[in-house]
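Some notes on the structure that comes next.
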Amino acid sequence: MDDLKSCYELSLPVTEKCNAISRDIDRANGKQMVQILRRCDAEIFEKKINDDSFQQTLYSSSVIQTMVDVAKRVEMILRDPEESLIVLSGCGTSGRIAFLLVTSFNEMLKAQNQKQICLYIIAGGDRALLTSQEAPEDDPALGALTLDKVCAGKKRVLFIGISCGMSAPFVAGQLDFCLKHLDVFTPVLLGFNPVHMARSEPMQNCSFHFKDVAERMTAEQRQKKAFVLNPVLGAEAISGSSRMKGGSATKIILETILLAGHESAFRGKITMPECITARITTNEMVYETTYSHSDELAALIHKAGESLQMKAHVYYIGWHTLGVIGLTDASECIPTYGADFDDIRGFINNGFSEMKNKEGDLSSLGPQFVIGHKDFVDTILPTLSQNDMILFLFSVNDDLHEVTALADQVRRRTSNLHAIAHDLEKLTVPKRVCNMFKTVLHLTWSFTSEEVNSFVMRQRWELSTKWCLNAISTGAHVLKGKVYMNYMIDLRVTNSKLYRRAINILQRFTGCAKSECERALLRAIYSTDDLSEDMTSADVWKHTDAANRRDQVVPTALVMIQCGCTLAEARHHLDCHPVIRDAVSACFSSSKNKSTVD
Ligand code: F6P
């Protein structure tokens, strides 16, 4: 059985594998969790992954050279912006990072009286910035159509399609569209698997799959007509959760490319591999500095875990782009941990006018879209309890009067108020401000005079805050018992990638054949012990549509297989163990006892 499990693990792409470093994260306390996450994130900057010298990593010369080549395309577009565009596109976190980078880069261009030529696309539109919209990810035609629309009339487009797992059909459709129009488009694929591990499953109404597209891109790269940027970062700390390392590396790589292109276009600095390497090293320093505050980080994980365990809430109150980082982290908890939208929630100063998203104010769409500080004061503050954790995210450059005034209001209701605060060696956040918070993760940064007041500084604060919040929200859900080993076992099976992941998880834990695992999953999805022909022969998209309306499908299927029981018995077992980790452990120990007796 163990052989079966390890064969199956070997067949997975890197981004879906189980990371040996975090295998026991579900049994770790806050301090141990920080160390585990620190080691997993260190792999982003490793020169060799698992001693495998064939896998290219972020620092590999081939990766750096591709970054140089893409930066040169950015430079060309910035020099001649008429009828040109740079488009960044992705699904889920990849789309949210695209949004953050594009809005920041456009702001920088605007401040320098340059044309704002960057555009983002996120599968599912702007509502996907704040909520989980998983189904559009499966639609390659929708991806192509959206791209075609935004690029109408342009003569030159640099298109960067982000799919950490090299799997999203939405992005594959866009890259295929670009490959058919290479006279206008230069496509770039950003992901974190070797090309041979790109997804090779059929896609909705489509004659090609992701791997086909990746291979065609590789072929075009020889003539520099397309580029594949795919360093390997090692597996995620929570298996498959590409919001973590994948999201951070996306931010590091694309910011580096955009800034290098900008410096060449407007400051005459020729982009050399050494400049790219130096920028990556600076981000490595951000990583070191952030994780050097491990005690405060562990304390914040512990506090957030306590709040979630008591069914209370965690609220991130952020300023400017740190607010965007908070909103992004909070929104990811819904699909990743099956969390309610108000378990962890983000708020930003000035709400949508600060976001600068394409579709403007979305607050009329429902409570999930109510994101301003004023909304927090009006709707959350009056009901706040001591069990709710409030985390402020700000820097010394933000309006500290506003920060203290809001902190004062919160303190009148609860002392469970904490902060992540960034400042500079020569310009620190005053002590009286820090003293308002119970825990302050206070990061003081040193910058060269050239960097201060630049966008670079803000980008580093964002990355550092992302690492902290990823650790806090992951740690809190682990403490709540949502994770078994390092698998998020109660995932929502809302698209084809997640459907495959669900089957993989079942295979991983039961050692059973794929067909048996899929049958159990379908029984849980369609809520029956007797699957009809219609059910078993339906498309994956029908299954995911049905799964969207069901809770605990993977745990139910797991218990059914492991205990050889009916759907009703499996549900009863889960009802008796509200914490998923306990339910799964109990199921494994009862089936072990049974087989010993047998
Ligand atoms: O389908 C959900 C999801 O896994 C998100 O959590 C993730 O951010 C998104 O897909 C995109 O994944 P990728 O970057 O691998 O295409």
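The values are calculated or read from the model by the stated rules, or taken from the named source; none is laboratory data. It should be emphasised that the depicted structure is a prediction, and the values quoted were computed from it without experimental measurement. Counting neighbours? That spans all protein chains shown, and the Cβs are built from the backbone with ideal geometry, glycine included. When the accessible area is computed, the model is the full protein with side chains, heavy atoms only, and any ligands, DNA or RNA have been set aside. Shrake-Rupley method; radii C 1.70, N 1.55, O 1.52, S 1.80 Å.
Take the alpha carbon atoms of region 184-227, find their center, do the same for region 502-548, and report the distance between the two centers in whole angstrom.
29
On average, how much accessible surface per residue is there in region 401-526, in Å², for a 1.4 Å probe, leaving out ligands, DNA and RNA?
Result: 36 Å² of accessible area for each residue.
Note the full-extension length gain between S292 and D545 as 0.36 nm times their separation in residues minus their Cα-Cα distance, in nm to one decimal.
Gain on stretching S292 to D545: 86.7 nm.
Once every DSSP H run of n ≥ 4 in the chain is given -39500 (n - 2.57) and the sum is divided by its residues, what mean residue ellipticity at 222 nm do you get, rounded to the nearest 500 deg cm²/dmol?
On the way: 22 runs with 296 residues, N = 598.
Helix-only estimate at 222 nm: -16000 deg cm²/dmol.
Quick check: pseudo-label points 7 Å beyond the Cα along Cα→Cβ at R412 and A278, how many nm apart are they?
That separation, rounded to one decimal, is 5.1 nm.
Taking only protein heavy atoms and a 1.4 Å probe, what accessible area per residue, in Å², does region 136-209 have with all protein chains in place? Mind dumping the intermediate values first?
Details: 2620 Å² over 74 residues.
Heavy-atom SASA per residue in region 136-209 reads 35 Å².
State, to one decimal in nm², a quarter of the convex hull surface area for the C-alpha atoms of region 84-159, i.e. the direction-averaged projected area.
Computing the convex hull of the Cα atoms and averaging its projections yields 5.1 nm².
Quick check: residue separation of S515 and K149 times 0.36 nm, minus the Cα distance between them. What number comes out in nm?
This chain segment gains 127.7 nm when fully extended.
Using a Förster radius of 35 Å, what is the FRET efficiency between V579 and T536 based on their Cβ-Cβ separation? Nearest 0.05, please.
0.60
In whole angstrom, how long is each semi-axis of the equivalent ellipsoid of region 124-271, when you take the square root of 5 times every eigenvalue of its Cα gyration tensor and sort them from largest down?
Calculated on Cα positions only, the semi-axes equal 23, 20, 17 Å.
Could you let me know the centre-to-centre spacing of region 97-135 and region 144-158, using Cα atoms, in angstrom?
15
How much accessible area per residue does region 257-369 have, counting only protein heavy atoms and a probe of 1.4 Å, in square angstrom?
Spelled out: the 1.4 Å probe surface of region 257-369, per residue, equals 37 Å².
For the ranges 531-539, 274-282, 548-556, what's the packing order if you count other beta-carbon atoms within 10 Å of each residue, average per peptide, and put the highest first?
Values: 531-539: 11.4, 274-282: 16.0, 548-556: 19.3.
Per-residue Cβ counts within 10 Å, averaged per peptide and sorted highest first, yield 548-556, 274-282, 531-539.
At a probe radius of 1.4 Å, what is the per-residue accessible area of F369, in Å² to the nearest 10?
10
How much of the calculated P(r) for the chain lies past 41 Å, in percent of all Cα pairs?
22
Working out 0.36 nm times the residue gap between K438 and A141, then minus their Cα-Cα distance, what length gain in nm do you get to one decimal?
Details: separation 297, 0.36 × 297 = 106.92 nm, distance 5.04 nm.
Working it through step by step, the gained length comes to 101.9 nm.
Summing Lys, Arg as +1 and Asp, Glu as -1, what charge do residues with Cβ under 9 Å from the Cβ of F369 carry, F369 excluded?
After counting each charged neighbour, the total is 0.
Under a Cβ-Cβ cut-off of 9 Å, what is the net charge of the residues other than A226 that fall near it, where Lys and Arg count +1 and Asp and Glu count -1?
With Lys, Arg at +1 and Asp, Glu at -1, the neighbours total +2.
Describe numerically, in nm with one decimal, the distance between label points set 7 Å from Cα along Cα→Cβ at A42 and at K356.
Inter-label distance under the simple model: 3.7 nm.
Which translational diffusion coefficient, to the nearest whole µm²/s, is obtained for region 475-582 from the Stokes-Einstein equation, given a Kirkwood hydrodynamic radius over C-alpha pairs, 20 °C and 1.002 mPa s?
This corresponds to a translational diffusion coefficient of 155 µm²/s.
Would you calculate the volume per residue, in Å³, of the smallest convex hull containing every Cα atom of region 295-388?
Numbers: hull volume 10.1 nm³, N = 94.
Taking the convex hull of the Cα positions in region 295-388, it is 108 Å³ per residue.
Ranked highest first by the average count of other Cβ atoms within 10 Å around their residues, in what order do 12-23, 89-100 fall?
With the highest mean Cβ count within 10 Å placed first, the list reads 89-100, 12-23.
Simple spin-label model, 7 Å along Cα-to-Cβ: T448 to L427 in nm?
Distance between the two pseudo-spin positions: 1.9 nm.
What's the magnitude of the charge dipole for the chain around its Cα centre, counting Lys and Arg as +1 and Asp and Glu as -1 at the beta-carbon? Answer in Debye, nearest 20. Kindly include the intermediate steps, with their values, before the conclusion.
On the way: 66 positive and 72 negative charges, 144 e Å.
I would put it at about 700 debye.
Given the options G481, G511, L424, identify the residue whose Cα lies farthest towards the positive end of the charge dipole of region 421-530 (+1 on Cβ of Lys, Arg; -1 on Cβ of Asp, Glu).
It is G481, whose Cα lies furthest towards the positive end.
For the chain, with all protein chains present and a 1.4 Å probe, just round the carbon and sulfur fraction of the accessible area to a whole percent. Don't jump to the answer; show the numbers that get you there.
Values: 11500 of 23300 Å².
Roughly 49 percent, rounded to a whole number.
Taking the highest mean first, how do the peptides 287-295, 391-399 order by number of other beta carbon atoms within 10 angstrom per residue?
391-399, 287-295
Round to a whole angstrom and tell me the spacing of the C-alpha centers of region 230-276 and region 315-380.
When both Cα centres are located, 26 Å separates them.
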